[in-house]
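The structure under discussion appears below in the form of structure tokens.
The numbers here are math on the coordinates, done by the rules we state, and not lab data. Just so we're clear, the structure is a prediction, and the values are computed from it rather than from any experiment. Using ideal geometry, Cβ is built from the backbone for each residue, glycine included, and neighbour counts are taken over all protein chains shown.
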Ligand SMILES: [Zn+2]
């Protein structure tokens, strides 16, 4: 599906990690990153950085007593 038509981002679940918008492909579940030209699959390094940023954000939320 995605190989033929490209990934389709689930915009309803897009989240900003402090640097980029991320979502997931509705069809294959691959992490997608929003670029100037549209959604594309996130690279290995970008995905790692994203996980790191999200972890940091969760930790800050907990520290701030928001959860
Ligand atoms: Zn896909």
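A few remarks follow.
- Inter-site label distance for residue 19 and residue 36 at 7 Å from Cα along Cβ, in nm: 1.8 nm
- Structural descriptor for segment 2-59: relative contact order 26 percent, calculated from alpha carbon pairs under 8 angstrom and at least 6 residues apart.
- Above 21 Å, the calculated P(r) of the chain contains 29 percent of its Cα-Cα pairs.
- If a spin label sat at a point 7 angstrom from the Cα of residue 3 along the line to its beta carbon, no backbone N atom of segment 18-43 would be nearer than 13 Å.
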